[in-house]
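Here is the structure we will look at, set down as structure tokens.
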Amino acid sequence: MTSVSLWEDLKKALSGSEEDYTEISLRKAIFLLSVPMILELVLESVFAVVDIYFVGSLGASAVATVGLTETYLFLLYAIAMGLSFSVTAIVARRIGEKEKDLAGIAAIQSIWIAILSSIPFSIAGIYFSKELLLLMGADEWILNEGYHYMQWMLGGNLIVILLFLINAVFRGAGDAAISMRVLWLANGLNILLDPIFIFGWGPIPAFGITGAAIATNIGRGIGVLFQFWLLFRGGKHIKILKSHLTIEWETIHGILKTSLGGIGQMIVGMTSWIFIMRILSEFGSQTIAAATIALRTMMFTLMPSWGMSNAVATLVGQNLGAGKPDRAEQSVWVTGFCNMCYLVLVSLVYFFLSERIIGIFTSDPKVIIIGSEWLRIVSYSYFVYAWWMAASQAFNGAGDTMTPTKINVIFFWIIQIPLAFTLGKYFEFGYSGVFWAMMLTETSVGIYTLWLFTKGKWKDTKV
């Protein structure tokens with residue numbers, strides 16, 4: 001690829017390409033899809049890091065509030081991401097089959113599902129936030145001051161679900177540049193509004209930890225409005241018509257059937273995180289704060305990997321729809337190798353600079369020690385974890401969401417949680433034992449998922 005053609009492809013990737021991803025060269029297809037997906041998720045991770053930077057100045061209990069709230073938000077993300085896997089697979093398959101009208105119908109039916117699924121979370125967050133935080137071992141400050149953060153975050157959860165879901169529609173259609181622009185807008189506003197609402201500015205009072213949640217709801221809410229405008233205006237590959245707005249129960253049933261596996265795999269993964277956080281809470285708020293900062297840092301570095309892996313889901317879905325299973329498989333191997341090279345570099349950075357990285361967000365010596373240890377230990381699994389990300393997205397892109405679900409049940413529920421408790425509490429290795437349990441589990445799940453991918457049964461999935 002010459003410098004001129006690379007520059008032209010970069011401009012296409014950022015502005016949106018009308019290329020048929022089942023016909024152009026595979027490397028070009030991966031590049032056009034990966035670049036906007038990586039940039040989309042990089043800004044998402046930038047926001048997460050900036051957000052925890054501002055919250056970190058409010059103290060360890062404020063950071064712990066964010067961490068404990070996110071354990072419940074992860075359940076919400078599980079539903080949103082599970083639906084997203086299904087929607088991406090179905091929309092990509094329809095686009096590959098050249099059925100753009102059916103892709104639009106699937107997109108709007110998924111939005112109806114999102115609206116209904118958000119209601120229980122809103123009720124739980126608004127009316128039972130204190131009880132939920134107490135269940136997770138929250139300290140007195142969190143129960144008296146921090147619970148408002150959870151009320152805002154869970155109460156406005158529809159915004160989060162729609163942001164995930166509609167971007168999944170665009171990605172499945174191949175309009176990855178649109179998803180990128182939406183998150184740039186939403187998270188750019190979040191970053192600007194965070195210090196204003198947390199610390200107060202002009203006529204706006206200082207809301208403290210609650211201000212972070214208010215800023216998030218406003219920023220992402222505007223992003224969702226932008227998504228709807230783009231959907232009805234039409235992208236390069238998909239457009240919603242008024243005729244699509246009618247509820248079609250058969251289509252909804254198909255989406256739900258496909259999404260059950262996706263929701264299941266995410267719920268398994270997210271609930272295992274809840275148990276991990278519950279075990280870590282036994283070692284104090286500083287441990288939770290360290291875990292929260294380390295997780296946000298890891299998300300920052302993993303987002304480019306998820307961007308590349310999301311490209312796999314689109315390519316697998318569209319190429320299977322076009323009757324090109326070998327091309328679908330090749331896209332996974334190429335992307336997985338690139339992902340592995342990137343994460344090896346990240347591991348080296350974590351190994352040598354972990355304390356400096358955690359020190360950016362907190363001056364608490366114990367939080368820095370615990371957080372840096374997390375980064376070093378868990379990053380040992382990155383070499384294999386890169387292949388797990390690519391292979392699992394191949395299953396999801398094909399519509400075979402049940403296989404990753406079964407894998408997650410075995411490795412995260414049956415193995416990781418008991419192992420973390422045994423090493424951390426029973427053998428009294430403390431939080432270090434929990435970190436090692438996570439590393440061992442993630443290495444094992446990566447090896448097994450890649451082996452299962454090579455069997456090739458995912459190519460026969462029908463959606």
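Every condition in (1) modelled with pLDDT of 85 or more; (2) farther than 24 Å from Leu183 by Cα is met by Gly223 except one, and the failing one is (2).
Among the candidates Phe412, Phe435, single out the residue that is open to solvent by less than 10 Å² (accessible area, probe 1.4 Å), aromatic (Phe, Trp, Tyr) and either in contact with a Gly (Cβ under 8 Å, 6 or more places away or on another chain) or in contact (Cβ under 8 Å) with a residue 24 or more places away in the chain (or both). Exactly one of Phe412, Phe435 is open to solvent by less than 10 Å² (accessible area, probe 1.4 Å), aromatic (Phe, Trp, Tyr) and either in contact with a Gly (Cβ under 8 Å, 6 or more places away or on another chain) or in contact (Cβ under 8 Å) with a residue 24 or more places away in the chain (or both), namely Phe435. Residues in region 302-312: is at least one modelled with pLDDT of 90 or more and open to solvent by 20 Å² or more (accessible area, probe 1.4 Å)? The answer is no; no qualifying residue exists.
Of all residues being without any contact (Cβ under 8 Å) to a residue 12 or more places away in the chain and not small (Gly, Ala, Ser) in region 251-295, which is surrounded by the fewest Cβ atoms within 10 Å (Cβ to Cβ)? Just the residue, please.
Among those residues, the one meeting the criterion is His253.
A Cβ distance below 7 Å, combined with a sequence gap of six or more or placement on separate chains, defines the contacts here; from region 35-62, residues that are under 21 Å from Val367 (Cα atoms) and touching a residue at least 60 places away in the same chain (Cβ under 8 Å) reach residues that are not in a helix (DSSP H, G or I) and not charged (D, E, K, R) in the pairs Ile52/Phe361; Tyr53/Phe361; Gly56/Phe361; Gly56/Thr362; Leu58/Gly208. Is it the case that some residue within region 315-326 is at pLDDT 90 or above, at negative phi and out of contact with any helix residue (DSSP H, G or I) (no Cβ under 8 Å at 6 or more places or on another chain)? Yes, some residue in region 315-326 is at pLDDT 90 or above, at negative phi and out of contact with any helix residue (DSSP H, G or I) (no Cβ under 8 Å at 6 or more places or on another chain).
For region 44-57, filtered to residues that are surrounded by fewer than 20 Cβ atoms within 10 Å (Cβ to Cβ) and not β-branched (Val, Ile, Thr), the residue that is farthest from Thr297 (Cα to Cα) is Ser57.
Do the conditions hold for Leu68, that is, is it within 18 Å of the chain's Cα centre (by Cα), farther than 19 Å from Leu241 by Cα and surrounded by 24 or more Cβ atoms within 10 Å (Cβ to Cβ)?
Working: within 18 Å of the chain's Cα centre (by Cα): yes; farther than 19 Å from Leu241 by Cα: yes; surrounded by 24 or more Cβ atoms within 10 Å (Cβ to Cβ): yes.
Yes; evaluated as a whole, the condition is true for this residue.
Name the residues in region 129-154 that are open to solvent by less than 30 Å² (accessible area, probe 1.4 Å) and without any contact (Cβ under 8 Å) to a residue 40 or more places away in the chain, would you? If the condition is that a residue be open to solvent by less than 30 Å² (accessible area, probe 1.4 Å) and without any contact (Cβ under 8 Å) to a residue 40 or more places away in the chain, then Ser129 is the only one that fits. Here Ala186 does not fit the description of being within 20 Å of Tyr77 (Cα to Cα) and in contact with a His (Cβ under 8 Å, 6 or more places away or on another chain).
For region 369-409, the set of residues classified as open to solvent by 30 Å² or more (accessible area, probe 1.4 Å), under 18 Å from Ile276 (Cβ atoms) and not aromatic (Phe, Trp, Tyr) consists of Glu373, Arg376, Val409, listed by residue number. Of all residue pairs spaced 6 or more apart or on separate chains, those with beta-carbon atoms under 7 Å, a first member in region 155-174 that is touching a residue at least 40 places away in the same chain (Cβ under 8 Å) and farther than 18 Å from Ala322 by Cα and a second member that is open to solvent by 10 Å² or more (accessible area, probe 1.4 Å) and not in a helix (DSSP H, G or I) are Phe170/Gly235.
Conditions (1) under 18 Å from the mean Cα position of the chain (by Cα); (2) at positive phi, marked per residue:
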site: Asn190; (1), (2): yes, no
site: Gly208; (1), (2): no, yes
site: Gly219; (1), (2): yes, no
site: Leu231; (1), (2): no, no
site: His253; (1), (2): no, no
site: Leu260; (1), (2): yes, no
site: Gly264; (1), (2): yes, no
site: Arg278; (1), (2): no, no
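Scanning region 175-198 for residues that are among the hydrophobic types (A, V, I, L, M, F, W, C), free of Cβ contacts under 8 Å to residues at least 60 places away in the same chain and open to solvent by 10 Å² or more (accessible area, probe 1.4 Å) yields Leu185, Leu189, Leu192, Leu193, Ile196, Phe197.
Would you be able to say whether some residue in region 80-100 is surrounded by fewer than 21 Cβ atoms within 10 Å (Cβ to Cβ), part of a helix (DSSP H, G or I) and at pLDDT 85 or above? Lay out the reasoning, then the answer.
Taking region 80-100 first, the residues surrounded by fewer than 21 Cβ atoms within 10 Å (Cβ to Cβ) are 97-100.
Adding the requirement that they be part of a helix (DSSP H, G or I) leaves 100.
Right, trim to at pLDDT 85 or above and you get none.
No.
Within region 323-368, can you find the residues that are under 25 Å from Thr22 (Cβ atoms), open to solvent by 40 Å² or more (accessible area, probe 1.4 Å) and either among the β-branched types (Val, Ile, Thr) or not in a helix (DSSP H, G or I) (or both)? Write out each step before concluding.
Narrowing region 323-368 to residues under 25 Å from Thr22 (Cβ atoms): 323-339.
From what's left, open to solvent by 40 Å² or more (accessible area, probe 1.4 Å): 323-327, 329-330, 333-334, 337-338.
Result: Gly323, Lys324, Val334.
Residues that are open to solvent by 50 Å² or more (accessible area, probe 1.4 Å), of a type in the set (D, E, K, R), within 30 Å of Glu97 (Cα to Cα) and not in a helix (DSSP H, G or I) occur at least once in region 440-458.
The values are calculated or read from the model by the stated rules, or taken from the named source; none is laboratory data. As the structure is a computational prediction, the values presented were derived from the model and not from experiment. With ideal geometry, Cβ positions are generated from the backbone for all residues, glycine too; neighbour counts draw on all protein chains shown. Areas reflect the complete protein model, heavy atoms only, side chains present, ligands, DNA and RNA absent. Shrake-Rupley method; radii C 1.70, N 1.55, O 1.52, S 1.80 Å.
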